[in-house]
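Notes follow the structure.
Every read-out reported here was derived from the displayed coordinates using simple, explicitly stated rules and does not represent laboratory data. Note that the structure is a prediction, hence the values are computed from the model and not measured. Positions of Cβ are generated from backbone atoms using ideal geometry, with glycine treated the same way; all protein chains shown enter the neighbour counts.
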Amino acid sequence: MGAGIGGLAASLALSRNGWEVELVERDDTPMPEDVEGAFAWDRRGAPQVRHTHGFPALIRVLLRDRYPDVLQALLDAGVGELSILPPNVPPDLPDYERHAADLHVLSCRRTTLEWVLRRCALAEPAVSLRVGVGVEGLLADAGSGPLEVRGVRLDDGTEIAADVVVASAGRRCAVPAWFAAQGVVVPEEEHPTGTVYLSRFYRTADGANVPMGYLGGRRAGLGFVLAGADNGTYSATLAVPVDDGELRAHLHDPDRFEAVLPLFREMGALALWGGSPITPVQVMGGLINRLRRYVADDGTPLAHGFFAVGDSHTCTNPLYGRGSSLAVLQAVLVADALAEHPDDRHAASRAYETASATKVEPWYHVSVASDGGVSAGPPVDLRVLRRVAATGDPELALLVVRMMSLLVSPAEVFDDPTVLERIAAAATEPPRDPDAPRRPSLTREDLLAAGR
């Protein structure tokens, strides 16, 4: 259920493992003919599609190693690949070729990725798509043990029997209510991000792709992101405190939004590209970090034959650009669990949830900690990690860049005292030259004055 990135990736992964897949999508909109048509796609169920998206190295590595034809289809559609190998890494470093091959990000609009994935999924003979209808609840056998999920009931009353149900219906998906109707409680924890996003897309004057991936930071109380995309497009996003209605209204005005961007030194590239806006300033709120656990305290699955992926399982703050990659990872993990345990529903569910706890949940904790919340994960200062990534210690820079690219677990960085000591040393800023010019301060008042 859900023909977004997670549902499409799961359809590909499962169909290529021999499963017959029926994909159910609430939005009933025609398949666009090309990537520009996709950018205008009416995806009401995915209101975030025309906001900035990041695609760390993980998603490219998954496609390269598992589905190279899909990666090639993205490149054929104008998606760019950008190396993020730290420049100070020498070619004689152990595993240099592997790192150089892995450390690329995709420069892409969310709509382009989703359009290509849908084309590839629907090209599979074993995949069918039913649009214009949502899921109302689960068909399940309740007993003394885990819930035995046998299919879904659609909101038009139709029932679809299935061996496996994969839920990838976004952060508003009513999965807990479906379980509650069967007498099962899905534990979840939630932390608000405390921000509202305002985004705008641009196109370069000559239609050429811009030479950058995903740049983010924080200044003057705002988070900011500048990201290259495909076919000459790029985007800028500002993250405003949710309780600052005055600043949000100010930035929603397109002229004032444009006046504020140059105040951020990191946004200087905007002027170099000479692009023109191709969207209004778009707002998105209600952003959360949320973790749902589909297992009991002892690790026993709450249900057999049910798998949640993407935001239906774990939400992370979109500012950090991890959501799409983690959704594709979970789609692969579902396929792997079922391939490993084709005749054991309990083992398949347990294997999937164990893998998600190891490979996905840590990023929820990192996201909460990065937002200043209290988390079971390590304290995270992204500014420190960026300084470390540019350090003269090439091995440490590689480790941090691979972690920020989702290729290694945060535990490999934050659970190693030796690594933490090296990070602390590398992140220490040299004494400031008192005669060196200082960067002008930037205040909320400066932001509110821009464009008036």
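Structure values in brief
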| quantity | calculated |
| --- | --- |
| Under-5 Å amide H pairs with residue 48, H placed in peptide plane, nonlocal only | none |
| Net charge contributed by nearby residues that have their C-beta within less than 12 Å of residue 346 (K/R +1, D/E -1) | -2 |
| Zone of residue 76's modelled label, taken as backbone nitrogen in the range 113-145 under 14 Å from a point 7 Å along Cα→Cβ | 116-124 |
| Segments 96-108, 329-341, 61-73 sorted - mean Cβ within 10 Å per residue, highest first | 329-341, 96-108, 61-73 |
| Amide H contacts of residue 275 (H built 1.01 Å from N, under 5 Å, at least 5 apart or other chain) | 205 |
| Calculated from backbone phi, Karplus (6.51, -1.76, 1.60) coupling profile of the range 221-236 in Hz, x at Gly/Pro | x, 10, x, 9, 9, 10, 9, x, 10, 10, 6, x, 9, 7, 9, 10 |
| Amide hydrogen neighbours beyond the local backbone of residue 303, cut-off 5 Å, H modeled | 147 |
| Cα-centred dipole magnitude for the chain, charges only on beta-carbon of K, R (+1) and D, E (-1), debye, nearest 20 | 1080 |
| Answer label for Cα extents along the principal axes in Å (calculated), chosen among (1) 91, 51, 45; (2) 61, 56, 47; (3) 74, 49, 42 | (3) |
| Calculated FRET value between residue 242 and residue 445, using beta carbons and R₀ = 25 Å, to 0.05 | 0.80 |
| Taking the chain and dividing mean pair separation by its residue count, relative contact order in percent (alpha carbons under 8 Å, at least six apart) | 19 |
| Mean Cβ neighbour count within 10 Å, used as a protection proxy, ranking 359-366, 22-29 highest first | 359-366, 22-29 |
| Calculated [θ] (222 nm, deg cm²/dmol) that DSSP helices of n ≥ 4 give over the chain, each run adding -39,500 (n - 2.57) | -10500 deg cm²/dmol |
| Stretch gain in nm, segment residue 346-residue 177, where the contour uses 0.36 nm per residue and the Cα spacing is subtracted | 58.6 nm |
| Table column - 3J(HN,Hα) (Hz), the range 207-214, Karplus curve with 6.51, -1.76, 1.60, x for Gly and Pro | x, 8, 5, 8, x, 7, x, 10 |
| Gain on full stretching of the segment that runs from residue 393 to residue 92 - 0.36 nm per residue minus C-alpha separation | 107.0 nm |
